[in-house]
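Reading through the structure tokens given below for one structure.
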There are 2 protein chains.
Amino acid sequence: MDRPTLPKGTRDFGPAVMAKRQFIFQSIRSVFERYGFLPLETPAMENLSTLTGKYGEEGDQLLFKVLNSGDYLKDIDPALLSSKDSRRLTPSIAEKGLKYDLTVPFARYVVMNRHEITFPFKRYQIQPVWRADRPQKGRYREFYQCDADVIGTDSMVCEAEIILMIRDAFAKLGINRYSIKINHRGVLAALAALAGAGDKESSLFVAIDKLDKIGEAGVRDELASRGFSAEAVDSLFDLLNKRGTNQEKLELLRAQLGKYEKAAASIHDLEQVFTFVASMGGEAAPVELDLALARGLSYYTGCIFEVKIHDAAVGSVSGGGRYDNLTAVFDSKERSSGVGFSFGVDRLYDAMEELNLFPEETQRSSQVLVCHLDEECLRYGLGITQKLRAKSIAAEIYPEPSKLKKQLEYADKKKIPFAVVIGSDEMKSGVLAVKNLKTGEQHLRTLEQFLSDITAIPK
Amino acid sequence: MDRPTLPKGTRDFGPAVMAKRQFIFQSIRSVFERYGFLPLETPAMENLSTLTGKYGEEGDQLLFKVLNSGDYLKDIDPALLSSKDSRRLTPSIAEKGLKYDLTVPFARYVVMNRHEITFPFKRYQIQPVWRADRPQKGRYREFYQCDADVIGTDSMVCEAEIILMIRDAFAKLGINRYSIKINHRGVLAALAALAGAGDKESSLFVAIDKLDKIGEAGVRDELASRGFSAEAVDSLFDLLNKRGTNQEKLELLRAQLGKYEKAAASIHDLEQVFTFVASMGGEAAPVELDLALARGLSYYTGCIFEVKIHDAAVGSVSGGGRYDNLTAVFDSKERSSGVGFSFGVDRLYDAMEELNLFPEETQRSSQVLVCHLDEECLRYGLGITQKLRAKSIAAEIYPEPSKLKKQLEYADKKKIPFAVVIGSDEMKSGVLAVKNLKTGEQHLRTLEQFLSDITAIPK
């Protein structure tokens, strides 16, 4: 028999990794809920008609397709089969696919349930998605996304709350040094007009988005090769290079871009975001207006965000933006403004490992192992174990009579911090011999004393 | 554009349903963790070589298969294509499938990671599985399973702990009237010998498993039609009909079945389970030795369990048993005893709805909506909202200036219990106008007073 393997690009999450992932998920979830976001789950499978055409042609190729059940070849034209054209055959033998992101299924949900939903609708969603990408370091074929969106209001309160949610989540995770970059698609459009981009808007955005990576000279070269005039590029960099506070940058934008259509409204949006953040006591949040931030996704129409952790080489760990037409792909009459963002859980995990930020508690399993010297002690120990559990202590009893050494090794391997050893003395006295497995110290404690020594796990 | 739909047999879980499902999951998870079980997650997709042949021929047909990526027809023999034989083609165009249960992936995980795992290994797993079953009421193509298993020990402590975990989980869920039925495959084998079943063991088990549904007469008819002698069936029913305590039944078994191979060991197993349950203070748990309990899954070899809720017509909501050879399907040298059980989340959900057991808190979203009479009040309200959140209160602010009526309607639809209304008076005085949306009462409260009125959500 061959040893079993995992499909390429997929992972098992064993207990040690799961504990850390749950710490991340639980931290984020509690922040989402504190801000009034409610959970949604959608199925792993969607009809391919829901998914296809939403992610560009490349995205369509990366969808995992699920073979129809039963005799799926029965009604297929033999000519289609003999043509051996995989792409043309697929729609006839596969009607369903695995979801590629959480955004399109969310839009589908909103369109299907619009009459029951209370708008503005604030939902979060933490679920896996699947992409038939070439697996490589940090890129998987199955990975979790962790999204929060508000749909049905164009208030900049939502943008301000996103900034504060990122701050609060990072505080819970212990991430202190990071920056939240913000920009606005309307400002980018005005910048493009300033640079005379005409129909080359998107190549302009792609180029300036690389400023971090290839520097000003690199971006200038790229723009020149794409036919931008040196003069236009100069006036662009005049703005991009401006340092200063967010307020100073906004004033500059008003002065330089006021003449372009919609720029004033976009600048007002940004101004409101900063005002609301300040009203919420978030002045100290590391938000930076970054005119070079573009973000790839074409459905964004308003503010856009991106978050990077300092000192960790993992790229951006969160991002998002406002969109006006998300549900229009399913219903052209449906045009409600929304804004969303997501946390990149795998990158957050890597950054937290790199910075050694996972609390020690996430690495332990149970808090107590009850050990015993014979079968009678085991039975007595069962009662003790149960009393600990009744006080919300995660407790285990070594399940079979065994050498004490073996029992303590089990506790050690599982990073259980305390062992209670039951012998005939302890059974007589009712006092517990408690061994701290980290220090090696051993003390006699009543059950009540021991309970006050250790902390209950939060429910 | 057609309105989008969901694939047959799949569901969205909107916020109201999610809150209830999370209450179930969180209750069960906290019990699993308190008993020292650690979380595991495995991918949605497994290689078909891992899944095929593990669930019988019918199970193989119910696996969802994932089409290979890229030009999957390229190397297919044209003769195979033109034969239009779906079953024969499938293995050539689909190498992966969606997991059908959590048990086989768990066994695969144990075999792949046996050198890193500390045994006895206690893991729980809460994830969706997929089956291409014909959808019908209460049967879905995507549904969650919720399993806990211990592998690597044959101690009956594990069985006793399963009984107490079911008791504790039901206590958390508010389910009071239920029964946990227990039996043993070894006892069943002895019963089969008693009834002279020979190679008809499994048809005997199938028949007596129906005792609940078709009654004694029905089972007698079925057994007669399968060639069991009236005398054999009489002696079988002598045992099955015995009422009494578990101890009385065990004594009867010892007297009647002691002569059959392995029966003594099985009876001893059951005896130990009851002893350990009593040592753990679980005497009052509604455990009943039910000699007619058989359970279908052929991989069980020891104790078996099944749990039913009284007063709810949902069938069994939990079940499990001991197996000796789970990992042997992947590695014939690997034979470690284990025992596991699972909760049927969809049935638990239906039962709790039927019995109206979901706590009111699961039905609300945020605890407070901050309302405002104009833009300035909105900005002031942002600060109040944030102060509530800082105290772990789930709070929302209506994101845009709006009529108060509209804001209160939003709170009402979302079942938010309190509204704080900010007007110019409140801004001047710093006192809050707090409206209890259930009673309609309105009171002036300082922030500190209000915070002491409402309870913080547990983290």
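Okay, residues lined up against (1) open to solvent by 30 Å² or more (accessible area, probe 1.4 Å); (2) part of a strand (DSSP E or B); (3) in the same structural domain as B:Gln145 (by TED's automatic domain parsing); (4) of a type in the set (S, T, N, Q):
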| site | (1), (2), (3), (4) |
| --- | --- |
| B:Gln22 | yes, no, yes, yes |
| B:Phe25 | no, no, yes, no |
| B:Ile28 | no, no, yes, no |
| B:Asp71 | yes, no, yes, no |
| B:Lys74 | yes, no, yes, no |
| B:Leu81 | no, no, yes, no |
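Residues that are in a loop (DSSP other than H, G, I, E, B) and either aromatic (Phe, Trp, Tyr) or at the interface with chain A (Cβ under 8 Å from one of its Cβ atoms) (or both) within the stretch B:354-403 comprise B:Phe358, B:Ser365, B:Ser366, B:Ser392, B:Ile393, B:Ala394, B:Tyr398, B:Pro399, B:Glu400, listed in sequence order. Would you mind stating whether B:Tyr100 is under 24 Å from A:Leu63 (Cα atoms) and among the aromatic types (Phe, Trp, Tyr)? In short, yes.
Here are some conditions: (1) of a type in the set (A, V, I, L, M); (2) more than 30 Å from B:Asp269 (Cβ to Cβ); (3) within 12 Å of chain A (Cβ to nearest Cβ). B:Ala328 meets all but one. Which one does it not meet? Among (1) of a type in the set (A, V, I, L, M); (2) more than 30 Å from B:Asp269 (Cβ to Cβ); (3) within 12 Å of chain A (Cβ to nearest Cβ), B:Ala328 violates only (2).
Return yes or no: is B:Lys459 open to solvent by 10 Å² or more (accessible area, probe 1.4 Å), in contact with a helix residue (DSSP H, G or I) (Cβ under 8 Å, 6 or more places away or on another chain) and modelled with pLDDT under 95? Can you show your working first?
Details: open to solvent by 10 Å² or more (accessible area, probe 1.4 Å): yes; in contact with a helix residue (DSSP H, G or I) (Cβ under 8 Å, 6 or more places away or on another chain): yes; modelled with pLDDT under 95: yes.
Here the answer is yes, as B:Lys459 does meet what is asked.
For the structure I just gave you, tell me whether A:Ser92 is at the interface with chain B (Cβ under 9 Å from one of its Cβ atoms), of a type in the set (S, T, N, Q) and either in contact with a Cys (Cβ under 8 Å, 6 or more places away or on another chain) or open to solvent by 30 Å² or more (accessible area, probe 1.4 Å) (or both). So A:Ser92 does not fit the description; no. Note on the stretch A:134-176: residues that are within 19 Å of A:Phe276 (Cα to Cα), more than 9 Å from every other protein chain (Cβ to nearest Cβ) and open to solvent by 40 Å² or more (accessible area, probe 1.4 Å) total 1. If you go through the stretch A:24-60 and pick out every residue that is more than 8 Å from every other protein chain (Cβ to nearest Cβ) and over 20 Å from B:Pro128 (Cβ atoms), you end up with 15. Across the stretch A:34-57, the qualifying residues are those that are in contact (Cβ under 8 Å) with a residue 40 or more places away in the chain and among the acidic types (Asp, Glu), and the one among them that is least open to solvent (accessible area, probe 1.4 Å) is A:Glu46.
Here A:Ser336 does not fit the description of being in contact with a strand residue (DSSP E or B) (Cβ under 8 Å, 6 or more places away or on another chain), open to solvent by 20 Å² or more (accessible area, probe 1.4 Å) and within 30 Å of A:Arg177 (Cα to Cα). Considering the stretch A:255-275, the residues that are more than 22 Å from A:Asp209 (Cα to Cα) and open to solvent by 70 Å² or more (accessible area, probe 1.4 Å) include one that is modelled with the lowest pLDDT, namely A:Glu261.
Criterion first (in the same structural domain as B:Val110 (by TED's automatic domain parsing) and of a type in the set (Val, Ile, Thr)) does B:Val421 satisfy it? Even if it seems obvious, please write down each step before you answer.
Numbers: in the same structural domain as B:Val110 (by TED's automatic domain parsing): no; of a type in the set (Val, Ile, Thr): yes.
Judged against the criteria, B:Val421 is not a match.
The set of residues from the stretch B:191-224 being over 31 Å from the mean Cα position of the chain (by Cα) and not in a helix (DSSP H, G or I) comprises B:Ala195, B:Gly196, B:Ala197. Could you say whether any residue in the stretch B:292-310 is at pLDDT 90 or above, among the acidic types (Asp, Glu) and over 19 Å from the mean Cα position of the chain (by Cα)? Checked against the condition, which is being at pLDDT 90 or above, among the acidic types (Asp, Glu) and over 19 Å from the mean Cα position of the chain (by Cα), the stretch B:292-310 yields no hits at all.
With respect to the conditions (1) at pLDDT 95 or above; (2) surrounded by fewer than 20 Cβ atoms within 10 Å (Cβ to Cβ), B:Gly381 falls short on a single one, namely (2).
Could you list all residues from the stretch B:307-343 that are farther than 22 Å from B:Arg139 by Cβ, hydroxyl-bearing (Ser, Thr, Tyr) and outside any loop (DSSP other than H, G, I, E, B)? Selection gives B:Tyr323, B:Thr327. Yes or no: A:Tyr410 part of a helix (DSSP H, G or I), closer than 28 Å to A:Ala19 by Cα and facing another protein chain (nearest Cβ under 10 Å)? Criteria met by A:Tyr410. Total residues in the stretch B:304-333 satisfying the condition of being open to solvent by 30 Å² or more (accessible area, probe 1.4 Å), over 24 Å from B:Thr50 (Cβ atoms) and touching a Phe, Trp or Tyr at 6+ places or on another chain (Cβ under 8 Å): the figure is 2. Restricting attention to the stretch A:33-90, the residues that are of a type in the set (Ser, Thr, Tyr) and more than 30 Å from B:Leu80 (Cα to Cα) add up to 4.
Just to check your reading of the model, which residue among A:Ala294, A:Ala285 is outside any strand (DSSP E or B), assigned by TED's automatic domain parsing to the domain that holds A:Lys122 and surrounded by fewer than 22 Cβ atoms within 10 Å (Cβ to Cβ)? Explain how you work it out, then say what you get.
On the way: A:Ala294 fails: surrounded by fewer than 22 Cβ atoms within 10 Å (Cβ to Cβ).
Criteria check complete, one pass: A:Ala285.
Here the condition is being touching a Lys or Arg at 6+ places or on another chain (Cβ under 7 Å), among the basic types (Lys, Arg) and in contact (Cβ under 8 Å) with a residue 40 or more places away in the chain; of A:Lys262, A:Lys249, it holds for A:Lys249 alone.
Scoring A:Val17 on the criteria (1) facing chain B (nearest Cβ under 7 Å); (2) open to solvent by 20 Å² or more (accessible area, probe 1.4 Å); (3) not aromatic (Phe, Trp, Tyr) leaves a single failure, condition (1).
The values are calculated or read from the model by the stated rules, or taken from the named source; none is laboratory data. Bear in mind that the values here come from a model prediction, so they are computed numbers and not experimental data. Methodologically, a virtual Cβ is constructed for each residue, glycine included, from the backbone with ideal geometry; neighbour enumeration extends over all protein chains shown. For accessibility, only protein heavy atoms count, side chains too; no ligands or nucleic acids. Shrake-Rupley method; radii C 1.70, N 1.55, O 1.52, S 1.80 Å.
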